[in-house]
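> Structure provided below as structure tokens; questions to follow.
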Amino acid sequence: MTVHLDGSSLSLSDVVQVARARAPVALADAARRRMADARSVVDEVIAKNEPAYGLTTGFAERKRVQIDPESRAQFNRLAILNARVGQGDPVPVDVARAAMLCLVNGFGRGTSTARPEIADAVVSALNQGFEPVIRRLGSVGQADFVLMADLAHELIGHGYVDPVVGDAVALFDNNSVSTGWGALALADCVSLLDTLDAAAALDLEAFGANLSILHPVVADSRGHPGIRQTIDRLREQLDGSSLWATGAARNLQDPLSFRCLPQVHGAMRDALDFAAGIVVTELNSFQGNPAVSVHDRRVVSIANFDALPLAAALDFVRVLLASVLTSANERMLKLLQAPLSGLPSGLSVAPGLAEAGFSEIGVAGQAITVEARTLAHPVSYEMASSTQAEGVEDRTAMASLSARRLAEMVELGQRLLTIELVVAAQAVDLRSAPALGHGVQRTRDLVRSCVSFMNQGAPVPQDLEPLRALVHSGRFIDR
């Protein structure tokens, strides 16, 4: 299905479809007309030689320098080359494609200085499967200047665009990489949380937990929508479980990592809903400088490149995700401990064996959790210095770093979740409950399609990548 870019209706799902599934893209006619109207204003301002940031003047502290008309085309190309100071490995291909998508949709708002031909060229590049190389390091998040300069250079070098006056600033003065990366990471985080629900239900069965934590009074008395949604999801997974029977629970109250599941996952779910609203707004925003006001035929200097809403929202998600992953790790570790689980130590097939069972895999889970938690530190208030551009550029949002850290944290979360599933499946099989919840049974069977039950004399699973791939694919949340 073709994704139509009109500057106002791009969704997270659209970004995923174009960036990863390579869905075709088309620029809406209304968006192209808005761009043409805005460009007519730009041409008027240039013809009159009026001061206009990045069009007839230089950038940053050189904004007071007027560019000679004969040098403006060369200045545009040189501006792109001078901003190409990125370092490190390229961003993933899907992020590069998402950045192109965000760039065009932002143009569609009709406030950019770019010509419609630039948007058409980027759309053509997307539909032809173009994979630009964009280095990931060097952006401070007050517009992805450095990262977008790589994209602009790639589009020029491969013959897609030939910038004229006003095109350069439109191409690199925006947050398209940060926004696209954040959108993809957020979509992956939603999938991760849904899969964490499935794993948590398996944990509850594996621990012989008290399901009173899912009583309707929990949601009725608290009011957060995420708690209610989480309880509904867990009850659906556990429908048909023998744990619902009176007296089936082993404890009156289980450890907090089990007992607080609705509250912890619910808080994460509410944070994701909040962040999704911010990201979708950014997907459909003009993030650059200057802006064209068609109404009064002006090119206006603004600061829409400030990405604090995006960066802070992604910071918020990472903080909540740290708590969710810490709780998942604690449940996994408690399943390995005989005094808490009531099962053999390390989930060996019988008590008293010298074999370590799954004990060592718990160490791997702890290591991954620590690494994930280090990525939760907020970055949206960071400031390298205020010495750039004679002190004019005196704040940053670090949006691309915030997005990149969320993507990295989600990947680590998938790996921890993989370990959690393996351990919980072993515990469930050892406990041999009379009946598992219907959803839990499906989760357990999916785990067993990749990892066998560990019998006496067998080592821990030597390769969890097939199961991790299953987690990444979203199969555990398909219904």
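What follows draws every value from the coordinates through simple rules; no lab data is involved. No experiment lies behind these values; they were computed from the predicted model shown. We place every Cβ from the backbone using ideal geometry, glycine too, and count neighbours over all the protein chains shown.
> Highest first, please rank the peptides 246-258, 189-201 by the mean number of other Cβ atoms sitting within 10 Å of their residues.
Top of the packing list down: 189-201, 246-258.
> Once the piece of chain linking residue 338 and residue 236 is laid out straight, how much longer is it, given 0.36 nm per residue of separation minus the C-alpha distance between them?
Residue separation times 0.36 nm, minus the Cα-Cα distance, leaves 33.8 nm.
> Using packing as a proxy for protection, rank 297-303, 29-35 so that the peptide with the highest average count of other Cβ atoms within 10 Å comes first.
Result, highest mean Cβ count within 10 Å first: 29-35, 297-303.
> Take 334, 63 and order them by how many other Cβ atoms sit within 10 Å, fewest up front.
Lowest to highest Cβ neighbour count: 63, 334.
> Taking a spot 7 Å from the Cα of residue 66 along the direction of its beta carbon, which residues of the range 162-185 have an amide N less than 19 Å from it?
Counting only backbone N, you get 165-166.
> Next up: Sticking to Cα atoms, compute the Rg of the range 153-205 to one decimal and its Dmax as the biggest Cα-Cα distance, whole number, in Å.
20.3, 65
> Residue 30 to residue 465: extension gain in nm, 0.36 nm per residue of separation minus the Cα-Cα distance?
Difference between extended and current length: 152.0 nm.
> Treat the count of other C-beta atoms within 10 Å as a stand-in for reagent exposure and order 154, 236 from fewest to most.
In order of increasing Cβ crowding within 10 Å: 236, 154.
> Ok, one more. With r defined as the distance between the Cβ atoms of residue 248 and residue 432 and R0 fixed at 22 Å, what FRET efficiency is calculated, to the nearest 0.05?
Result of the calculation: an efficiency of 0.95.
> Still on this structure: Highest mean first, how do 412-420, 103-111 rank when packing is the count of other Cβ atoms within 10 Å averaged over residues?
Listed from highest to lowest mean packing, they are 103-111, 412-420.
> Next question, about the same structure. Starting at 0 and stepping by 5 Å, how many percent of the alpha carbon pairs of the range 3-174 end up in each bin?
Going from the shortest bin to the longest, the percentages are 1, 9, 18, 21, 21, 16, 9, 4, 1, 0.
> How many angstrom lie between the C-alpha centres of the range 225-302 and the range 30-108?
Cα centroid to Cα centroid, the span is 36 Å.
> Treating only the Cβ atoms of Lys and Arg (+1) and Asp and Glu (-1) as charged, compute the dipole magnitude of the chain about its Cα centre; round to the nearest 20 debye.
Charge dipole of the chain: 460 debye, to the nearest 20.
> Taking the Cα centre of the range 237-291 as the origin and placing charges on Cβ (Lys, Arg +1; Asp, Glu -1), which of 272, 262, 242 is farthest toward the positive end of the dipole?
Among 272, 262, 242, the one farthest towards the positive end of the dipole of the range 237-291 is 242.
> Could you tell me which label, among [x] 86, 43, 41; [y] 69, 48, 43; [z] 76, 52, 37, carries the value of Cα extents along the principal axes in Å calculated for this structure?
Derived directly from the coordinates: [x].
> I need 383, 409 ordered by Cβ neighbour count within 10 Å, fewest first.
Least crowded to most crowded, the residues run 383, 409.
> Would you grab the residues whose amide H sits under 5 Å from the one on residue 3? Only those 5+ places off in sequence or on another chain, please, with H modelled 1.01 Å from N.
25, 26
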